[in-house]
Amino acid sequence: MTVRILLLVLLAGGIVWLRALLHRARAADEQRTADALPRVPAALRGGGAAWIVFTTPTCVACRTVTGAIAQQRAGDLVVTVDATTDPDLADRWEVRRAPTTLQVDEDGRVVARLVGAEALRRHLAATTATSADADPDSEPLPDRHH
Amino acid sequence: MLTDAAGSTAPPAIDPRGPRTNQAVLAVGLALGFVLGWWPVAPIFAVVLGLGVAFGPQWNPVLLAYRHLLAPRLGPPGELEDPRPPRFAAAVGVAFLAAATVAFVLGVTVLGWVLALVVATLAALAATTGLCVGCELYLVAARLRRR
């Protein structure tokens, strides 16, 4: 029984180690900024500014992200890219998780890289608040939706 | 190729804490069985997982217990999950545990425990990190199917 317990302890240690590795990789991915990311070609963004959302077929949070942009930035172009069918596109913009959202300006520059639904929500709230400060007649922020 | 995630025909999303609970119970159960040298734990969990895979989560006793006992105390989940990947992962778990059971019955105990511990380790990894290897396999399989 002692050998079995030792083996389980070893396995548990391996899981803790993997967990720490994964946590570090996720944190690095979330902190990665849009700096030095390649420009998005006009063909992918309809020629103008756009939101590029990298998804997977089973990503529920991706639907939340596209819905939030459509709701809070009505009129903005949202392009979804399935990272499982377009892994080359995902690699080019260093996408590691879905949803990862790129906010792209009229010149194709990536101005924000947002990993996860919560980061996108915070970004939308912050940038909408900035716009609202500049325009006192604009409407207030909508409530948070899950 | 551009696709629209919102336009896909995905089944209703589920509370991801259900599968996480199932994975935690599976990992602890198999680990206890291993320490005690009690191999029937493998076929028992094969049946538990198999019921959910074959007939839906309402037939898996662990998921049922989560839904009625734990979920009401935890409140609504912060995010939701597509049910297909965890179901596929459970099917892979059933296959491994069925193979382990055959190995135990044939007297190849070491192979039986190796297979059971693979399931226990992956279940523990999924329960503690959210990294579900079986779910990732589902995405790979889905991608290959579309080729």
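The values are calculated or read from the model by the stated rules, or taken from the named source; none is laboratory data. These numbers come from a predicted model, not from an experiment. Cβ sites come from the backbone with ideal geometry, for glycine too, and all protein chains shown count toward neighbours.
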Being in contact (Cβ under 8 Å) with a residue 24 or more places away in the chain and of a type in the set (A, V, I, L, M, F, W, C) is the filter here, so list the residues in the range A:99-117 that pass it. A:102, A:104, A:110, A:111, A:112, A:115, A:117
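Of all residues in the range A:95-108, which are at pLDDT 90 or above and under 21 Å from residue A:30 (Cβ atoms)?
A:95, A:98, A:99, A:100, A:101, A:102, A:103, A:104, listed by residue number.
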Enumeration of residues in the range B:97-147 that are of a type in the set (Gly, Ala, Ser), within 30 Å of residue A:21 (Cα to Cα) and exposed (fewer than 14 other Cβ atoms within 10 Å of the Cβ): B:141
Given the residues B:120, B:142, B:127, which is the only one that is within 10 Å of another protein chain (Cβ to nearest Cβ), under 24 Å from residue A:56 (Cα atoms), outside any loop (DSSP other than H, G, I, E, B) and within 14 Å of the chain's Cα centre (by Cα)? B:127
Being in contact (Cβ under 8 Å) with a residue 12 or more places away in the chain, out of contact with any strand residue (DSSP E or B) (no Cβ under 7 Å at 6 or more places or on another chain) and either part of a loop (DSSP other than H, G, I, E, B) or of a type in the set (Ser, Thr, Tyr) (or both) is the filter here; which residues of the range A:1-38 pass it? A:38
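Those residues that are at the interface with another protein chain (Cβ under 9 Å from one of its Cβ atoms) and either of a type in the set (Val, Ile, Thr) or within 15 Å of the chain's Cα centre (by Cα) (or both), I need them from the range A:71-86; list them, please.
We begin by selecting, within the range A:71-86, every residue at the interface with another protein chain (Cβ under 9 Å from one of its Cβ atoms); these are A:79-82, A:84-86.
Across the range A:71-86, the qualifying residues are A:79, A:80, A:81, A:82, A:84, A:85.
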